[in-house]
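Reviewing the structure listed below.
The values are calculated or read from the model by the stated rules, or taken from the named source; none is laboratory data. Keep in mind that what you see is a predicted model, and the values were worked out from it rather than measured. Note that each Cβ is placed from the backbone with ideal geometry, even for glycine, and that neighbours are counted across all protein chains shown. For accessibility, only protein heavy atoms count, side chains too; no ligands or nucleic acids. Shrake-Rupley method; radii C 1.70, N 1.55, O 1.52, S 1.80 Å.
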Amino acid sequence: MTNILQTEFYRLKKSRLFWALFCVSAGLPLISSLLSLLLLFGIYSLSGESGVSIDWQTFRSLHLTTSMLSEYASVQNDASLLAVICTGVCLSRNFAYGTYRNMLLAKHSRLEIYLSDLLTAMIVGASYIGVSIISSLLFGGLIFGFGTSALNVFTAIITSIMLGLISIAFAQTLLCMFLFGTRKTSVALSCTIVICLVAPSLFEGLVQMLTLFEVFGASQINIDLSWVPLYNSSLLDLYDISWPLVGKIVLYLVPLSIFFGFMGWITFRKADLK
């Protein structure tokens with residue numbers, strides 16, 4: 001298994017796609033911070049004409065840095081999707097080039113091969129999430145600050161890292177399940193990206209529809225939105241952390257990740273690799 005991992009890491013090290021998307025993951029928080037800053041300056045200039053003063057203290061009171069960190073709990077975050085693309089393209093080459101067949105001839109077990117690829121996918125995802133969080137802390141903290149105590153900042157960072165790793169595990173195991181089941185890059189990538197992007201939006205639309213029914217008195221529906229799967233991560237605010245909400249996010253993502261990983265192994269175990 002060690003030899004397989006060394007080979008995979010060597011390929012990643014030489015992969016232009018890996019480094020290109022890695023740089024994009026690092027750069028997106030900077031772009032997001034600059035766009036937010038331009039928007040705030042636009043609001044400042046407009047409000048200045050009406051005699052309302054907005055200063056840097058007002059900017060920092062918006063808690064934009066912790067808002068950026070909160071986004072990593074969602075499977076829709078950019079770093080997660082970029083990691084899915086990189087992993088899908090890189091691992092699918094093993095099918096195209098007959099790498100798995102050669103590994104089997106070299107007396108590696110299917111379980112070794114599968115766990116190596118799954119671990120590679122997790123490491124790719126963790127590296128993308130990690131550099132994105134560091135970039136968010138660097139640029140968001142530098143421009144907007146945190147507006148809270150050092151202990152709260154530390155708690156927010158640790159929580160963001162934990163939920164970010166869990167969200168990337170969800171996306172990567174989902175990708176591996178489709179990739180090892182279909183052995184087609186386009187199908188695996190499209191299915192994973194569609195589920196990660198569309199499923200939370202569908203749940204959000206359902207919640208809004210039920211809320212409208214309640215507003216117009218069509219029915220008496222009391223919905224605890226923190227229990228709505230995938231959608232509940234959008235409710236997370238790391239400036240004022242709700243630990244029950246964090247627990248509910250973990251409650252959905254961790255079992256689903258385990259399920260996807262197990263189903264990926266089932267399909268890989270029965271796949272014709274020769």
Quick one, which of (i) 71, 43, 35; (ii) 52, 48, 39; (iii) 76, 49, 33 is the actual Cα extents along the principal axes in Å calculated for this model?
(iii)
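So between residue 226 and residue 89, what do we pick up on full extension, going 0.36 nm a residue minus the alpha carbon distance?
Details: separation 137, 0.36 × 137 = 49.32 nm, distance 3.47 nm.
Roughly 45.8 nm would be gained on extension.
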What nm distance separates the two modelled labels at residue 115 and residue 272, each placed 7 Å from Cα along Cα→Cβ?
2.9 nm
Under Karplus coefficients 6.51, -1.76 and 1.60, residue-wise ³J(HN,Hα) of the stretch 192-199 in Hz, glycine/proline x
5, 5, 4, 5, 5, 8, 8, 4
How many nm separate the modelled label positions at residue 37 and residue 62, each set 7 Å beyond the Cα in the direction of the Cβ?
1.3 nm
Heavy-atom accessible area of residue 23 with all protein chains present, probe 1.4 Å, nearest 10 Å²?
90 Å²
For a label point 7 Å along the Cα-to-beta-carbon line of residue 14, residues of the stretch 95-124 with backbone N under 11 Å:
none
Measure of exposure for residue 224: accessible area at 1.4 Å probe, Å² rounded to 10, is 80 Å²
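Give the ranking of 243, 265 by solvent-accessible surface, highest area first, calculated with a 1.4 Å probe. Walk me through the numbers before you get to the answer.
Details: 243 140, 265 50 Å².
Descending order: 243, 265.
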Explain nothing, just compute: Karplus ³J(HN,Hα) = 6.51 cos²θ - 1.76 cosθ + 1.60, θ = phi - 60°, for every residue of the stretch 129-135 in order, whole Hz, x for Gly and Pro.
4, x, 5, 5, 5, 4, 5
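Give me the accessible area per residue for the chain, probe 1.4 Å, as a whole number in Å². Don't jump to the answer; show the numbers that get you there.
Working: 14040 Å² over 274 residues.
That works out to 51 Å² for each residue.
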Vicinal HN-Hα couplings computed from phi for the stretch 175-188 (Karplus, 6.51 cos²θ - 1.76 cosθ + 1.60; Hz; Gly/Pro x):
4, 4, 4, 5, 5, 6, x, 9, 6, 10, 4, 4, 5, 4
Roughly how much of residue 108 is accessible, in Å² to the nearest 10, using a 1.4 Å probe?
40 Å²
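At a Förster distance of 41 Å, what's the computed FRET efficiency of residue 207 paired with residue 107, Cβ-Cβ distance as r, to 0.05?
Numbers: r = 52 Å, r/R0 = 1.27.
According to the calculation, E is roughly 0.20.
Please sort by residue number the chymotrypsin sites (Phe, Trp or Tyr not before Pro) in the stretch 60-134 whose DSSP state is loop and whose Cβ has at most 14 other Cβ atoms within 10 Å. Write out the running numbers ahead of the final one.
On the way: sites: 72, 95, 97, 100, 114, 128; in loops: 97.
Sparse-neighbourhood loop chymotrypsin sites (Phe, Trp or Tyr not before Pro): 97.
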For 131, 84, 194, what's the largest-to-smallest order of accessible area, 1.4 Å probe?
194, 131, 84
